[in-house]
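The values are calculated or read from the model by the stated rules, or taken from the named source; none is laboratory data. Since the model is a prediction, treat every value here as computed from it, not as a measurement. Neighbour counts run over all protein chains shown; Cβ positions are idealised from the backbone, glycine included. Note: areas computed on protein heavy atoms with side chains; ligands, DNA, RNA excluded. Shrake-Rupley method; radii C 1.70, N 1.55, O 1.52, S 1.80 Å.
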Amino acid sequence: MEINEELFNKNGLAVIKLARQFSNFRAGDKIPNVTTLAAEHGLSVGTTQYGLTFLKDKNVVKLISRGHLGTHI
């Protein structure tokens, strides 16, 4: 599936919403956890996780997990 096709479904909606939100973050900022992100955007946790994975795989964002300190962009 090409990128354009991937963005025209609920997973694509998650990608777009997360990318828009992350554009307001600066390097080193802590991002909300997946459950919080899902609730903020009205998405399921799985769909939100897909959006995060897509953005990481396409090198749109670099997320650094710091264990109990959370994930930072």
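Numbers for the structure displayed
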{"read-out": "Accessible area of the chain belonging to carbon and sulfur atoms, whole % at 1.4 Å probe", "value": "53 percent"}
{"read-out": "Exposed-loop-free span, longest in the chain, where trypsin sites (Lys or Arg not before Pro) count as exposed if DSSP calls them loop and at most 13 other C-beta atoms lie within 10 Å", "value": "27-57"}
{"read-out": "Neighbour-limited loop hits for chymotrypsin sites (Phe, Trp or Tyr not before Pro), the stretch 9-73 (at most 15 other Cβ within 10 Å; DSSP other than H, G, I, E, B)", "value": "Phe25"}
{"read-out": "Nearest-10 value in Å² for the accessible area of Ile64, using the 1.4 Å probe", "value": "70 Å²"}
{"read-out": "With all protein chains modelled, accessible area of Val45 [1.4 Å, Å²]", "value": "70 Å²"}
{"read-out": "For the chain: rounded, prolate or oblate by the Cα gyration tensor [a/c cutoff 1.5]", "value": "prolate"}
